[in-house]
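Each value in this text was obtained by applying a stated rule to the coordinates, not by laboratory testing. Bear in mind that the values here come from a model prediction, so they are computed numbers and not experimental data. FYI the Cβ positions are ideal-geometry reconstructions off the backbone, even for glycines, and counts take in every protein chain you see.
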């Protein structure tokens, strides 16, 4: 602090300006400014179908949404997806993590192949399963028929009530690799001594799981649940190709319309910009709590652990 | 039952391998089936009720069709999509490689700053970048659409690259910050005493040591960009900028497109991520789990 003016022009300042200013500018221009602007628009009745200058309407859009049955239906559906997907994913992930935690020849290859679905495009995954579940020529029908589980081909995606279930199955298939990796790392960090000591004390396999494995894995489950909550809550691509109908201008399947698809429909199909902007802020509020837990964790690791 | 040690080990492996078979069936069956569908002849693909699990005459005809004539309709004739696969492939490649390259460079420079330098507002800037992660993208997306139209960046590769780089920044910066922090600082301090300025330091000492981290950031960025669907769905209109994920949904949307052709398009769309995931998975896992696993 002895000589501030000189410090200002030192090469450190120039370095910082060159590497940080573009980042700050891009984030400000493409993320934060639009976020504020979106909020502003949520307070207007902007609608691109109607030629009129948008007028400020206060919180009318928010009120309209909250009083609308469709909004609650869609919100309920989004949470249904989350509530079914999370346990499904955790069970699959825990089972696979336990298996991959064993030592056996070929484990690396099995692990690599097991994590593949997570790294493929979501729209492809939705298509893969849509084709697999196809009622006329689908492979699942062929498989079950050949092994005698069904007497005739089923239309798996016809019954509206079943659609959400299949959406969660495909979401689980797309995402289970992440919790598996987290849980596997958690398992591998449990020292063998603990199990050995428990064995010496005569603890059964079940009580070893109950008193050692599960408690020590809780933090890993925590991370996995938060990240998977965000992923399932924001589900979009998979539904688009599995059940939504797919085509850009066409109508959207009402039985699998979740919050993100509803938001897309409001803004980019119905062109009700004000209403859609309000919805996006309601979605922000819904995911804020969970998101904050995540960012605080990342932040603590990133800056303060130095 | 007394099996003896070797017998017990054999039994253990037998159980493990049968469980592995179940897991691999779950993980790979859908991928296997789309591959088979894309190289099957029509008769075999539509066989029922018994499916043909291995095509007896594998053919690449569907791939040839979608690239040269456009996707076949089930009732005959072709959809006018012959050029879309080619332009889609080109657009996907340009967008993902350019975004990944740019974000890797930016994140390396910033990562060094956050890991090794002290400056005013450091924590605040870092927090502002990281706050993007839990922010549902829709909050920005709606007004961003109008901003991009004003800037005349809708339906351009440049517009997509700018958006992707911005969206990739938080994860990339976070990763590079932790990677640089893991490099022993003694070497850098020594160079600093010798009077090397920051640029020289980053270029000649940090870059070579941070290379595995940069590869991870690049591959993760490339994969996420290639796989993304929502951004091009909103910001593209024509074959000038539509990537493969969009082209694939155009096929799916047209309900009469033949399944073998859609399968071929799906295989082309997932091939690069598939190969990267197969051969560079270590890097991806490290990058995509954000250091939750060390």
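When you take every Cα atom in chain A, what is the radius of gyration, and what is Dmax, the widest Cα pair distance, in Å?
Looking at chain A, its Cα Rg and Dmax stand at 25.0, 86 Å.
Just the C-alpha atoms of the stretch B:123-262: what Rg/Rh do they give, with Rh taken as the Kirkwood radius?
Across the stretch B:123-262, the Cα-based Rg/Rh ratio is 1.12.
Just tell me how shielded A:42-48 is by partners: mean number of partner chain Cβ atoms within 10 Å of each residue's Cβ, no decimals.
Mean partner shielding for this stretch: 1.
How large is the Kirkwood hydrodynamic radius of the stretch A:153-246, in angstrom, based on all distinct alpha carbon pairs?
So the Kirkwood estimate lands at 16.1 Å.
Based on the Cα coordinates of the stretch A:50-176, what is the per residue volume of their convex hull in Å³?
204 Å³
Please average, across the residues of B:266-275, the number of beta carbons from any other chain that are within 10 Å of each residue's own beta carbon, and give a whole number.
Counting other chains' Cβ atoms within 10 Å and averaging over B:266-275 gives 4.
Inverting the mean 1/r over all pairs of different Cα atoms, compute the Kirkwood radius of the stretch A:110-149 and quote it in Å.
Radius from the Kirkwood sum: 11.6 Å.
For the stretch B:3-67 and the stretch A:24-39, what is the centre-to-centre distance using only Cα atoms, to the nearest Å?
The two parts, judged by their Cα centres, are 47 Å apart.
Considering the Cα trace of the stretch B:1-55, what is its radius of gyration and what is Dmax, both in angstroms?
For the stretch B:1-55, the Cα radius of gyration and maximum Cα-Cα distance read 18.2, 55 Å.
For a protection proxy built on the mean count of beta-carbon atoms within 10 angstrom, sort B:244-251, B:130-137 highest first, please.
Ranking, from highest mean packing down: B:244-251, B:130-137.
What base-10 log of the normalised intensity I(q)/I(0) is obtained for the stretch A:174-226 from the Debye formula, alpha carbons as equal point scatterers, at q = 0.18, 0.22, 0.28, 0.31 Å⁻¹?
-0.61, -0.80, -1.04, -1.16
What average number of partner chain Cβ atoms lie no more than 10 Å from the Cβ of the residues making up B:52-65?
The per-residue average across the peptide is 0.
In nanometres, what is the gap between the two model label sites at residue B:187 and residue B:11, each 7 Å from Cα along Cα-to-Cβ?
The modelled label-to-label distance comes out at 5.2 nm.
Note down, for chain B, the three equivalent ellipsoid semi-axes (square root of 5 times each alpha carbon gyration tensor eigenvalue), biggest first, whole angstrom.
Three semi-axes, in Å: 42, 32, 16.
Report, in degrees rounded to the nearest 10, the 0 to 90 angle that the Cα long axis of helix B:4-39 makes with the longest principal axis of chain B.
80 degrees
Debye calculation, C-alpha points only, no solvent: report log10 I(q)/I(0) for the stretch B:133-214 at q = 0.12, 0.15 Å⁻¹, in the same order as the q values.
One equal scatterer on each Cα of the stretch B:133-214 leads to -0.57, -0.71.
Could you please state, rounded to a whole Å, how far the C-alpha centre of the stretch B:164-179 is from the C-alpha centre of the stretch B:264-283?
22 Å
Taking just the alpha carbons, could you work out the radius of gyration and Dmax for the protein assembly as shown, both in angstroms?
25.9, 86
With just the Cα atoms of the stretch B:61-153, tell me how far they stretch along each of the three principal axes, in Å, largest first.
Extents along the principal axes, in whole Å: 66, 28, 25.
Take peptides B:214-226, A:11-23 and line them up by average Cβ neighbours within 10 Å, highest first, as a rough protection proxy.
B:214-226, A:11-23
Among A:277, A:185, A:244, whose mean-square fluctuation peaks in a Gaussian network model of chain A (Cα, cutoff 10 Å)?
Answer for the Gaussian network model of chain A: A:185.
Would you calculate, for chain B, the mean residue ellipticity at 222 nm contributed by helices, counting each DSSP H stretch of 4 or more residues as -39,500 (n - 2.57) and dividing by all residues, to the nearest 500?
Computed mean residue ellipticity for chain B: -22500 deg cm²/dmol.
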